[in-house]
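The values are calculated or read from the model by the stated rules, or taken from the named source; none is laboratory data. Note that this is a predicted model, so its numbers are computed, not measured. Neighbour counts run over all protein chains shown; Cβ positions are idealised from the backbone, glycine included. The protein model used for the area step is the full one, side chains on, heavy atoms only, and it has no ligands, DNA or RNA in it. Shrake-Rupley method; radii C 1.70, N 1.55, O 1.52, S 1.80 Å.
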Amino acid sequence: MSPRKVVIKKSLVVLISLTLLAGCRNEQSKEVAINKIALGSCIKEGKQAPIFTAINDYRPDVFAFLGDNIYGDTVDMKVLLKKYDSLAGQAGYQVLQNQSEVIATWDDHDYGRNDAGVEYPKKVESQKIFLDFFNEPQDSIRRKRQGIYTSYFYGPKDKKVQIILLDNRYHRTKLKSGTKNVHGGKYVPLSSPQSTMLGEAQWKWLEEELKKDATIRFIAGGTQFLTEHNGFEAWANFPKELEKLINLLKKTRANGVIFLSGDTHWTEITKRKIDGYYALYDFTSSGLTEVHLSKTPNKYRLEGMSHAGANFGAIEIDWAKKDPVITLKAIDVKGDIKFKHDIQLSEL
């Protein structure tokens, strides 16, 4: 293990020592089994974030930021940098960096503009700032791609966890607006074969990732995967792309898949039965500071499996069981469990 120094540009320079395991970064394997993963999204960088205390008390092996990690919403990269600096200055975030491995993807606000996709004009510059902030090695393949998608592997062969982080912004077709519905959503589904969530290169990459050996696979992105269409951002705005994703799982015979998502400002578990395949789960974790009390319709939401209030998501894997159990939890700022749901590995 070797210490790394990261310079944070606030109004003055702050040095934070980070300890990273050599060779455990992108698309490489770490041979230690993990059993605690935490996740979250939607943190307003200028607000106090007591949720970090609860996360750090939980002591996850890995913490995954699932987007809206700041609210940048700008084409001025100096503004974007300043907002990342504000997050970096949070004492709880500094503790998290030191005691857990931190991985991340983005959603719209940290990408640079609300609901933006391929049309955002500063995506190249924003990608560099994002990767610099999250201490991506200079020789990382992530710095050579158009988009920040990547994957990680943890654990030995019989307990291998794969975390796939998708980029649902860089190549995503611009959304189509219609009339606002009763819940305030204004987007309508795009049916054109040219419409895309991921772009051709990322789709090819994902197929190869799903062919790799893993016991459990978490496919993570900023946008909800399995909810019904409600006029807000979701894969449901691209029904052909969602169908393509499910067909890709079937084609590759990908085992152990659970989706992870953010964005909504509440947390919930969605479960959908899939013809000719096992049932799929989408664990949405939001928000770390941002909260909406009214939830949009979702007929696939599991009863009792939702919470509106500052929280983070927790995933625990009990490898000691003959049939390992994956437990999904929502935990609030006090460290209290708001809901939990068990999934046996044999279900996947």
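By how many nm would the segment from residue 203 to residue 132 lengthen if fully extended, with 0.36 nm per residue of separation less the alpha-carbon distance?
Details: separation 71, 0.36 × 71 = 25.56 nm, distance 2.49 nm.
Residue separation times 0.36 nm, minus the Cα-Cα distance, leaves 23.1 nm.
Considering the options 91, 300, 223, tell which one lies farthest towards the positive end of the dipole of the chain, charges being +1 on Lys and Arg and -1 on Asp and Glu at the Cβ, about the Cα centre.
With unit charges placed on the Cβ atoms, the residue in question is 223.
Hey, in the GNM for the chain with a 10 angstrom Cα cutoff, which one of 228, 290, 243 fluctuates hardest?
Fluctuation is largest for 243.
Given the alpha-carbon gyration tensor of the range 86-181, what are the semi-axes of its equivalent ellipsoid in whole angstrom, ordered largest first, with each equal to the square root of 5 times an eigenvalue?
Numbers: eigenvalues 145, 65, 45 Å².
Equivalent-ellipsoid dimensions as semi-axes: 27, 18, 15 Å.
Let me know the whole percent of all Cα-Cα pairs from the range 154-258 that are separated by more than 17 Å. Let's see the in-between values first.
On the way: 3046 of 5460 pairs.
Summing the P(r) tail past 17 Å for the range 154-258 gives 56 percent.
Given H placed 1.01 Å from N in the peptide plane, which residues other than close sequence neighbours of residue 102 have an amide H under 5 Å from its amide H?
Amide H to amide H, under 5 Å and 5 or more residues apart or across chains, residue 102 pairs with 63.
Just the ratio, please: alpha-carbon radius of gyration of the chain over 2.2 N^0.38 Å, N its number of residues. Working shown, then result.
Details: Rg = 18.8 Å, N = 348, 2.2 N^0.38 = 20.3 Å.
This ratio for the chain stands at 0.92.
Within straight cross-link reach of residue 212, meaning Cα distance under 12 Å, which aspartates and glutamates are found once same-chain residues fewer than 8 apart are removed?
Answer for residue 212, where 12 Å is the Cα cut-off: 27, listed by chain and number.
For the range 77-86, just list the computed ³J(HN,Hα) in residue order, Karplus coefficients 6.51, -1.76 and 1.60, θ = phi - 60°, integers in Hz, with x standing in for Gly and Pro.
Result, ordered by residue: 5, 5, 5, 4, 4, 4, 6, 5, 4, 5 Hz.
Percent relative contact order of the range 137-182, based on C-alpha pairs within less than 8 angstrom and at least six residues apart? Write out the running numbers ahead of the final one.
On the way: 32 pairs, mean separation 13.3, N = 46.
The normalised contact order for the range 137-182 reaches 29 percent.
Dipole size in debye (nearest 20) for the range 165-255 around its Cα centre, Lys and Arg Cβ +1, Asp and Glu Cβ -1? Spell out each step's value before the answer.
Working: 15 positive and 10 negative charges, 32 e Å.
Charge dipole, the range 165-255, about its Cα centre: 160 debye, nearest 20.
Can you tell which of 52, 238, 134 shows the greatest fluctuation in a Gaussian network model of the chain with Cα springs below 10 Å?
134
Quick one: compute the contact order of the chain, relative version, from alpha carbon pairs under 8 angstrom and 6+ residues apart, as a percent.
On the way: 829 pairs, mean separation 58.6, N = 348.
Dividing the mean separation by the residue count of the chain yields 17 percent.
Take the chain, connect every pair of alpha-carbon atoms lying under 10 Å apart with a spring to form a Gaussian network, then pick out the residue of 98, 181, 135 with the largest mean-square fluctuation.
Fluctuation is largest for 181.
Leaving ligands, DNA and RNA out of it, report the carbon-plus-sulfur percent of the accessible area of the chain at a 1.4 Å probe. All intermediate terms of the calculation are to be shown ahead of the outcome.
Values: 7580 of 14750 Å².
Whole-percent figure for carbon plus sulfur exposure: 51.
For the chain, what is the mean residue ellipticity at 222 nm derived from helices alone (per DSSP H run of n ≥ 4: -39500 (n - 2.57); sum divided by total residues; nearest 500 deg cm²/dmol)?
Details: 7 runs with 69 residues, N = 348.
Taken over the chain, the calculation gives -6000 deg cm²/dmol.
Please list 279-285, 189-195, 59-65 highest first by mean number of surrounding beta-carbon atoms within 10 Å per residue.
Values: 279-285: 24.3, 189-195: 12.6, 59-65: 21.9.
In descending order of packing, they fall as 279-285, 59-65, 189-195.
Please sort by residue number the GluC sites (Glu not before Pro) in the range 33-136 whose DSSP state is loop and whose Cβ has at most 16 other Cβ atoms within 10 Å. Intermediate results must be reported in sequence, preceding the final value.
Numbers: sites: 45, 101, 119, 125; in loops: 45, 119.
Those that pass, being in a loop and sparsely packed, are 119.
Report the number of Lys pairs in the range 231-348 whose alpha-carbons are under 21 Å apart, with separation of 8 or more residues or on distinct chains.
Final tally of qualifying lysine pairs is 29.
Need the list of aspartates and glutamates near residue 83 for cross-linking: C-alpha distance under 19 angstrom, and skip anything on the same chain fewer than eight residues off.
Cross-link targets: 45, 68, 73, 107, 108, 110, 115, 125, 132, 136, 263, 290.
Whole-Hz Karplus ³J(HN,Hα) for the range 133-141, in order, using 6.51 cos²θ - 1.76 cosθ + 1.60 and θ = phi - 60°, x for Gly and Pro?
3J(HN,Hα) across the range 133-141, in whole Hz: 4, 8, 6, 5, x, 5, 8, 5, 5.
Counting only heavy atoms of the protein chains, get the accessible area per residue of the chain (1.4 Å probe) and round it to a whole Å² value.
Values: 14750 Å² over 348 residues.
About 42 Å² of surface per residue is accessible.
What list of ³J(HN,Hα) couplings, whole Hz, do you get for the range 161-175 from phi and the Karplus terms 6.51, -1.76, 1.60, once you set θ to phi - 60° and write x for glycine and proline?
Taking θ as phi minus 60°, the curve returns 10, 10, 10, 9, 9, 8, 10, 9, 10, 4, 10, 5, 4, 4, 5 Hz for the range 161-175.
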